[in-house]
Structure formats: structure tokens, C-alpha cells
Amino acid sequence: QVQLVESGGGLVQPGGSLTLSCAASGSFFSIYHLGWYRQAPGNQRELVARISSGGSTNYADSVKGRFTISRDNAKNTVYLQMNSLKPEDTAVYYCNAQIGTAAYWGQGTQVTVSS
């Protein structure tokens, strides 16, 4: 069982930056594939970025070049560095951990991009 707790969301102006963190409890963090998803009102939850247990990353086209996902296995934490934020990035951001058929979710953190 893995528990995930996100932090770092908030209100930021367009063009600004935020870093989200997701701290995980439990063992074997290093073997989990990790991801950040987001869900805006009225929309389905969508993948933002993913990092494998081996460190390979992939990103949604809408965030490529602006967002960076990373992980620190020693701290059981995954990060999402978000730069050049746009109003359309406004959403609740969720952390995800997967191993085999098991998937775990955090409670989400709100990111609002507005002037």
C-alpha cells in the first residue's frame, strides 16, 4: 500500500512557475512508475508527465518544454517543475504511482493560473 501526498499548488500569474511535490509512504518507492495527472472542471483527468522506475520520462504535448518531472528515490518524492504557466494549465493536479496492476492516487492539489 502506498499513500501519496501532494503539495506546492497555489495561485500564480501567467508566465510564472510552480513546483509540485508528491511524498510517498511505504516501501519500494524506487520500483514504482510515477506520474502527474490533472483534471480541469468539466474535463477528464489527463496525463501531464510520467517517469519510469528507470528514469525515462514522457510528457503531454501541451506541456513539453515547459514542465519537468523528476524523482528522488532517497526522499520517496516525485516533483513537477512547471514553468511558463498558462491559464489553461489551471486544474487539480494528482500524483500517481503504479506497479503492475496496482495504482495509487494522491488527493490532488489545486493549481490556478490567473492574473
Next item on the list: Filter the range 73-88 down to residues that are touching a Phe, Trp or Tyr at 6+ places or on another chain (Cβ under 7 Å) and outside any loop (DSSP other than H, G, I, E, B) and give me whichever is nearest to Ser25 (Cα to Cα).
Entry: Leu80
Checklist line | the range 86-115: number of residues that are in contact with a Gly (Cβ under 6 Å, 6 or more places away or on another chain) and within 11 Å of Ala40 (Cβ to Cβ) | finding: 3
Note to self: Among the numbered criteria (1) closer than 14 Å to Tyr94 by Cβ; (2) surrounded by 12 or more Cβ atoms within 10 Å (Cβ to Cβ); (3) modelled with pLDDT of 95 or more, which one does Gln44 miss?
What the structure shows: (2)
Checklist line | Test for Tyr32: is it among the aromatic types (Phe, Trp, Tyr) and either open to solvent by 60 Å² or more (accessible area, probe 1.4 Å) or touching a residue at least 40 places away in the same chain (Cβ under 8 Å) (or both) | finding: yes
Notebook entry, point to check: Would you pick out the residues in the range 71-101 that are without any contact (Cβ under 8 Å) to a residue 12 or more places away in the chain and more than 14 Å from Cys22 (Cα to Cα)?
Noted result: Gly100, Thr101
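Listed here are the residues, each with its yes/no results for (1) of a type in the set (A, V, I, L, M); (2) closer than 23 Å to Thr101 by Cβ; (3) part of a loop (DSSP other than H, G, I, E, B).
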residue: Ala23; (1), (2), (3): yes, no, no
residue: Ser30; (1), (2), (3): no, yes, no
residue: Gln44; (1), (2), (3): no, yes, yes
residue: Ser53; (1), (2), (3): no, yes, yes
residue: Ser62; (1), (2), (3): no, no, yes
residue: Arg71; (1), (2), (3): no, yes, no
Note to self: Taking the criterion of being touching a helix residue (DSSP H, G or I) at 6+ places or on another chain (Cβ under 6 Å) and either modelled with pLDDT of 95 or more or buried (at least 16 other Cβ atoms within 10 Å of the Cβ) (or both), would at least one residue in the range 50-66 satisfy it?
What the structure shows: yes
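The values are calculated or read from the model by the stated rules, or taken from the named source; none is laboratory data. As the structure is a computational prediction, the values presented were derived from the model and not from experiment. Methodologically, a virtual Cβ is constructed for each residue, glycine included, from the backbone with ideal geometry; neighbour enumeration extends over all protein chains shown. To get the accessible areas, we keep the full protein, side chains included, count just its heavy atoms, and leave off ligands, DNA and RNA. Shrake-Rupley method; radii C 1.70, N 1.55, O 1.52, S 1.80 Å.
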